[in-house]
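Scroll down for the structure; my scribbles are underneath it.
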């Protein structure tokens, strides 16, 4: 999986749906992360937080978010 492409797709979907603040938060995490693994972990944690706190935004990217978290789990980078 090209997780950076998936993250970009998630950000674009959120932006297109009017959740620019949420998309910007994800971009900020990408820019502040170090390695690719750190970025993946940070974004996954943010997506899980969205699921609980901003479900209106999360539902827009639910399938992509679940796929990204599943991928991170499969390579041992996301503690579930």
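The values are calculated or read from the model by the stated rules, or taken from the named source; none is laboratory data. Quick caveat: nothing in here was measured; it's all calculated off a predicted structure. Ideal geometry is used to build each Cβ from the backbone, glycine not excepted, and the neighbour counts take in all protein chains shown.
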Fill in the blank from the handout: In the set 14, 77, the lone residue that is assigned to a loop (DSSP other than H, G, I, E, B), surrounded by 15 or more Cβ atoms within 10 Å (Cβ to Cβ) and over 10 Å from the mean Cα position of the chain (by Cα) is 77
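Quick check on residue 40: is it at pLDDT below 95, surrounded by 12 or more Cβ atoms within 10 Å (Cβ to Cβ) and not in a helix (DSSP H, G or I)? Walk me through how you get there before you give the answer.
Numbers: at pLDDT below 95: yes; surrounded by 12 or more Cβ atoms within 10 Å (Cβ to Cβ): yes; not in a helix (DSSP H, G or I): no.
Considered against the rule, which asks whether it is at pLDDT below 95, surrounded by 12 or more Cβ atoms within 10 Å (Cβ to Cβ) and not in a helix (DSSP H, G or I), residue 40 comes out as no.
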Problem - Check on residue 64, in contact with a helix residue (DSSP H, G or I) (Cβ under 6 Å, 6 or more places away or on another chain), modelled with pLDDT of 95 or more and at negative phi - result: yes
